[in-house]
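For reference, the structure is listed below as structure tokens.
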Amino acid sequence: MMLVREMLTPRILRSPSCLHSFAHCACAICFFFLLCFVTSAVYSQKTYDAIYYSGKADKYSFKLLYAFGYISGSEITVMDTWTKKKFTATITTSALDTSVIFKHTNAKGVKLGDYVRLLSKIDEGAEMPPVRIMACYFLKNKRYIFFLSKVVFKKN
């Protein structure tokens, strides 16, 4: 048995100085597995379903990616003939109600003046997402009211 172990064990591990290097090796292996475990916990799955809505008002078209189960993860895209703008969701709570406002920010994170407000009540704890959502786009002291309808993808 000793002969087999001596043949399989590298010479460096049989020397007296190997205890110190073996401890470093064991520590490195533990750190590696800990690092793998922590990063796998960070990259977990989303806890919401992405549901798509679309609508039109005047010369603008709207596409909403509704994060069902986590409204703060939603975003809306406003397009006209020349531009395409993305808006991120923020939830405002007051004594009377809770509303969802999508604010437009540029690449540097500066908030711009236009925004989209959902007029329909959105309940995060609902069993089913709404079929239609009423919203309003505010741009340069003008208001555009529109409806967002759920997009249904056809299965082949």
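The values are calculated or read from the model by the stated rules, or taken from the named source; none is laboratory data. On a predicted model such as this, the values are computed, not experimentally measured, just so you know. In this analysis, Cβ positions are derived from the backbone assuming ideal geometry, glycine residues included, and neighbour counts consider all displayed protein chains.
Condition check ((1) out of contact with any Ser or Thr (no Cβ under 9 Å at 6 or more places or on another chain); (2) at pLDDT 55 or above; (3) not charged (D, E, K, R)) across all residues:
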position	(1), (2), (3)
24	yes, yes, yes
44	yes, no, yes
62	no, yes, yes
83	yes, yes, yes
89	no, yes, yes
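Out of region 88-120, which residues are of a type outside the set (S, T, N, Q) and in contact with a Lys or Arg (Cβ under 6 Å, 6 or more places away or on another chain)?
At the first step, the residues of region 88-120 found to be of a type outside the set (S, T, N, Q) are 89, 91, 95-97, 100-104, 107-119.
Passing the criteria: 101, 103, 104, 111, 115.
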Notebook entry, point to check: Counting just the residues of region 53-80 that are over 20 Å from residue 143 (Cβ atoms) and without any contact (Cβ under 8 Å) to a residue 24 or more places away in the chain, which one comes out farthest from the chain's Cα centre (by Cα)?
Noted result: 65
Note to self: Name the residue that is modelled with the highest pLDDT, counting only residues in region 64-81 that are closer than 15 Å to residue 99 by Cα and part of a loop (DSSP other than H, G, I, E, B).
What the structure shows: 74
